[in-house]
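Just so you know, all these numbers are worked out from the coordinates, no wet-lab data involved. Worth saying up front: this structure is predicted, and the values here are computed from it rather than measured. Glycine gets a Cβ as well: all are built from the backbone with ideal geometry, and neighbour counts include every protein chain shown.
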Amino acid sequence: MHEKTLAELALGLKMKEYSSEELTQAFLSRIGHLNPTLNAFITVTEDGALADARSADAVLAKGAGGPLTGVPIAQKDIFCTKGVRSSCGSRMLDNFISPYDATVVERLQQAGTVMLGKLNMDEFAMGSSNETSYYGPVKNPWDTGSVPGGSSGGSAAAVAARMVPGATGTDTGGSIRQPASFCGITGLKPTYGLVSRWGMIAFASSLDQAGPMAATAEDCALLLGAMAGFDPRDSTSLDRPVPDYSATLNDCLAGLRIGLPKEFFGDGLDPDIARLIHAAVDEYQKLGATVREISLPNMHLSGPAYYVVAPAECSSNLARLDGVRYGYRCQKPKDLKDLYMRSRGEGFGAEVKRRILIGTYALSAGYYDAYYLKAQKIRRLISEDFKRAFAEVDVIMGPTSPSVAFRFGEKSADPIAMYLSDIYTIAVNLAGLPGMSIPVGFSTNLPVGMQLIGNYFAEERLLNIAHRYQQVTDWHTRSPDL
Ligand code: GLN
């Protein structure tokens, strides 16, 4: 049962091949079996899941329900879930039981999905390897000596190991696409503003965006349809109708114009990955697409700009975690200052502290113009690069990450080396564009992902482009032998 896609499972439920309760039990037992090794889940919500499954079965028995009714999913632990620990991978929120649900959680619940639990992640979504989680690293199911990517590494590993058929992730600089690539699954980061950020613990508010992670583009289309849409509680939420992402999956790709940015294929890219990307692009040519080289001349500035903007915004967002209102509080504080200093000192891990320090510095009087303002200007240049590119092409293709999953410890001592694993994904967040990663092969027995970047609100087209490829290839059907 666990090998089926979310779409297939939904069909089986409608055909009464099994009940949602049986399905939920099956996945819960797979989690029980695999989680001690993979560490993908921080919390398993067994009782809640079984209760939700029974309610879904009652709806299905009446012949009612939508395309996701009764299907198990799991939430990245960055989303607030009512009555359930919402840790964000941090000691700071280890004791935080959220009094409310995030909009994404609420919408997936309204769609009838069954939440199996909360997924492990880098602390406050800062990282590319899951090594910064307070709950210990997630293991890559293809090779437990390698990282699953980050920060949505728990989501990617859980889907890859078929512990759950679909999950949520969030992507500030690549955290859906890079782990999807490292674990051999499909992930979509939507256009900024498409999915509500309300109740999603903030890292860098102008970059953060939630999206679906699943084995296939077809499954991502189903999940995105439930997650997306206007939310008055998020001031950057866009008021646009949500299309039926499943309806256009089979559209023909004849005449599709693909752009390959020359900056994505330079030094630093593993040649084996370059070969697999070109092979996937050849597949698209067989489907009727045309290919041309393009240029994104300011690409090399995306890392430096991101590592000013993201820490600046995080230093402000994380100021609320002060040991007073909620979250971790140190023992026996001497006075208020000691309470702040020790609560934050003990509650946050090293990477989070590094970002807060960098961000506070960049925003401080006298440095604002030199760093934050400058980074915002670079951000505009990067958006304009994409704007020019999308005047000529419909989709941009390239690698998701310069390497396959690396070994634990390989990059954790060198922040710059770690930051480079998002070199191809970050610009997309700075511009607020949608991006996907789809599996296109293996190198040294580890999955390789290809990135698809679309214009604003091109999610339908991106999902269609990914789905057509998945109809003629089988990389997305591969799963590790567990
Ligand atoms: N790896 C990047 C970072 O550490 C991106 C993280 C993310 O997208 N949440 O900031």
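Which length gain, in nm to one decimal place, applies between residue 374 and residue 326 when the Cα-Cα distance is subtracted from 0.36 nm times their residue separation? Could you put the intermediate results ahead of the total?
On the way: separation 48, 0.36 × 48 = 17.28 nm, distance 3.47 nm.
Residue separation times 0.36 nm, minus the Cα-Cα distance, leaves 13.8 nm.
Annotation for region 248-287 versus region 300-371: alpha-carbon center distance of 40 Å. Shape analysis of region 53-161 based on the Cα gyration tensor places the equivalent ellipsoid semi-axes at 28, 17, 9 Å, largest first. Along its principal axes, the chain has C-alpha extents of 64, 53, 44 angstrom, given from the largest down. Taking only the C-alpha atoms of region 386-428, Rg followed by Dmax gives 14.1, 42 Å. Roughly speaking, what is the centre-to-centre gap between region 64-78 and region 10-38 when only Cα atoms are used, to the nearest Å? For region 64-78 versus region 10-38, the Cα centre distance is 12 Å. Put the Cα centre of region 429-480 next to the Cα centre of region 115-186 and the gap is 16 Å.
Each helix, a run of at least 4 DSSP H residues, gives -39500 (n - 2.57); summed and divided by the residues of the chain, these come to -11500 deg cm²/dmol at 222 nm.
Averaging over all projection directions, the Cα-based convex hull of region 289-363 occupies 8.0 nm² in the image plane. Rg and Dmax of region 328-434, both derived from C-alpha coordinates alone, stand at 19.4, 63 Å.
Mind pulling the per residue volume of the convex hull built on the Cα atoms of region 227-302? Å³ is fine.
Working: hull volume 13.2 nm³, N = 76.
Each residue corresponds to 174 Å³ of Cα convex hull volume.
Once you have the Cα-Cα distance between residue 287 and residue 252, take 0.36 nm times their residue separation minus that, and quote the gain in nm to one decimal. Intermediate results must be reported in sequence, preceding the final value.
On the way: separation 35, 0.36 × 35 = 12.60 nm, distance 0.81 nm.
Length difference between fully extended and current span is 11.8 nm.
Legend: Rg and Dmax of region 211-268, from Cα coordinates, 16.2, 45 Å.
Here's the picture: charge each Lys and Arg Cβ at +1 and each Asp and Glu Cβ at -1 in the chain, and of 340, 66, 266 the one pushed furthest to the positive end of that dipole is 340.
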